[in-house]
Each structure stands twice: as C-alpha cells, then as structure tokens.
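First the structure, in the form of structure tokens, and then the observations on it.
What follows is calculated from the coordinates using simple rules that are stated; it is not laboratory data. Only a predicted model underlies this, so the values are computations on that prediction, with no experimental measurement involved. Reconstructed Cβ throughout: ideal geometry from the backbone, glycine too, with neighbour counts over all protein chains shown.
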Amino acid sequence: MPKTEQVIIAGFGGQGVMLIGQILSYVATNEELNTVWIPSYGPETRGGTANCSVSISEEMINSPIVTAPDSVIAMNLPSLQKFEPKLKKDGILLVNNSAVKDYDYRKDLRVIELDANKEALELGNLKVANMILLGAYIEVTKVFEKDAITNIFKKIFSGDKAKLIDLNVRALERGMEIAKQH
C-alpha cells in the first residue's frame with residue numbers, strides 16, 4: 001500500500017457508492033491503519049448523485065477533505081465530469097463505461113474502463129457492479145489484498161445477508177481479473 005491513499009467514489013444513489021467507501025474504511029480499521037470516510041448525498045437518495053471520499057494512511061490524517069485524490073471511481077457520466085478534473089496527475093481513474101461512452105479523458109491519468117453493469121448482469125445481479133469496480137480498484141492500487149476485503153464481507157453480510165457473500169466475492173474477483181488486463 002502507498003503511504004497514503006485518497007479515493008473518491010461517485011455515482012447515482014443506489015449504485016453502492018457508499019458501500020465501497022465503507023468497506024475500504026472497515027478494512028483500513030481492521031488493518032490498523034488510519035482512515036476517514038466522508039459521505040456526500042445529492043437531494044435524492046436513490047437516483048440522485050452520491051459520492052464519498054476515503055483517506056487511508058499509515059500516518060495520522062490531518063484533514064478529512066480530499067481535494068486532489070490519488071484515485072477516482074466514477075460510476076456515471078456526471079460523476080466522471082465532476083471528479084476527473086480533481087484527480088492528481090498520474091492518478092487512477094476507474095470508469096463504469098456502461099454509463100459513459102466516448103469520453104475524452106485527460107492524457108495524464110491511468111484510465112481503466114469496465115463495463116461493470118454488463119459484468120454484474122453476467123454474474124446474475126446488477127447490484128454487484130460496485131464490487132466489480134472495487135475489485136478493479138484494489139487490483140490496480142494494491143491498497144489491500146483480496147482476503148482483507150472478503151473478511152469484511154463476512155462481517156457486513158451477516159444473518160440473512162450471508163447468502164450475498166459468494167456473489168460479492170465473485171464480483172470482486174471479476175473486477176480484479178479485468179484490471180489485470182489493463
């Protein structure tokens with residue numbers, strides 16, 4: 001893991017943007033790292049815009065505000081347009097290109113496009129598109145190992161939700177496989 005990683009995850013409400021951020025923060029805490037998760041919702045919960053920022057560091061985090069992230073996960077076009085300009089030079093941009101077509105990306109970024117919606121549907125559930133993007137993110141950034149994420153799945157998907165673990169693990173692995181090809 002880099003000494004400090006700052007990521008913004010953004011999309012429409014209901015796409016699991018906040019869950020990605022929460023999982024990253026839970027894993028950081030589990031790994032005894034410092035972390036800050038800041039959610040931001042648009043006027044509607046489902047269908048409106050939503051984003052969150054996550055800072056993960058071996059050192060104390062001085063400010064919770066992320067102004068120039070190392071990485072951005074954009075699940076739709078409005079999120080891409082809003083956060084791509086804020087990415088650091090040589091930053092990592094993961095894009096759900098199910099929702100973004102023919103975009104003129106900055107040339108100083110590492111861009112990874114994934115058709116996360118299509119991949120999620122092939123796994124049998126559109127709701128795991130976010131986990132596909134999370135898998136790609138951890139593969140590219142090396143911020144955490146897959147096992148660290150899957151261990152958190154076992155904690156957050158408990159009781160009746162335990163049946164979701166296998167599907168989410170498969171989605172995470174699919175995202176990692178796609179990212180290896182880029």
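So which helices of the chain fit the span-like rule, where a helix is a whole DSSP H run, its Cα atoms reach 27 Å or more along the axis, and its mean Kyte-Doolittle is at least 0.0?
none
Helix-derived [θ] at 222 nm for the chain: sum -39500 (n - 2.57) over DSSP H runs of at least 4, divide by residue count, nearest 500?
-11500 deg cm²/dmol
Under a crude label model (7 Å from the Cα following the beta-carbon direction), how far is LYS118 from GLN81 in nanometres?
Simple spin-label model gives 2.4 nm for this pair.
Where both residues lie in the chain, what percent of DSSP beta bridges are antiparallel, nearest 5?
Bridges in the chain are about 55 percent antiparallel.
For ASP147, what charge total do you get from the other residues with a beta carbon under 12 Å from its beta carbon, if Lys and Arg give +1 and Asp and Glu give -1?
-1
Can you run phi through the Karplus equation (6.51, -1.76, 1.60; θ = phi - 60°) for segment 76-83 and list ³J(HN,Hα) in whole Hz, with x for Gly and Pro?
In residue order, the calculated couplings are 7, 5, x, 5, 4, 5, 6, 9 Hz.
Taking only the Cα atoms of segment 4-180, how large is their convex hull per residue, in Å³?
On the way: hull volume 19.4 nm³, N = 177.
Dividing the Cα hull volume of segment 4-180 by its residues yields 110 Å³.
Where does the Debye-calculated log10 I(q)/I(0) of segment 104-152 sit at q = 0.16, 0.20, 0.23, 0.33 Å⁻¹, using only Cα point scatterers of equal weight, no solvent?
-0.55, -0.78, -0.90, -1.11
Ranked highest first by the average count of other Cβ atoms within 10 Å around their residues, in what order do 26-36, 155-165, 122-132 fall?
Most protected by this proxy first, the peptides run 122-132, 26-36, 155-165.
If you average 1/r over all unlike Cα pairs in segment 1-101 and invert the result, what Kirkwood radius do you get in angstrom?
One over the average 1/r among Cα pairs gives 13.6 Å for segment 1-101.
Would you mind working out the magnitude of the charge dipole of the chain relative to its Cα centre, with +1 at each Lys and Arg C-beta and -1 at each Asp and Glu C-beta, to the nearest 20 Debye?
280
Quick one: of LYS86/LYS107; LYS3/LYS88; LYS127/LYS161; LYS3/LYS142; LYS118/LYS163; LYS127/LYS180, which pairs are farther than 18 Å apart, Cα to Cα?
Pairs exceeding 18 Å: LYS118/LYS163; LYS127/LYS180.
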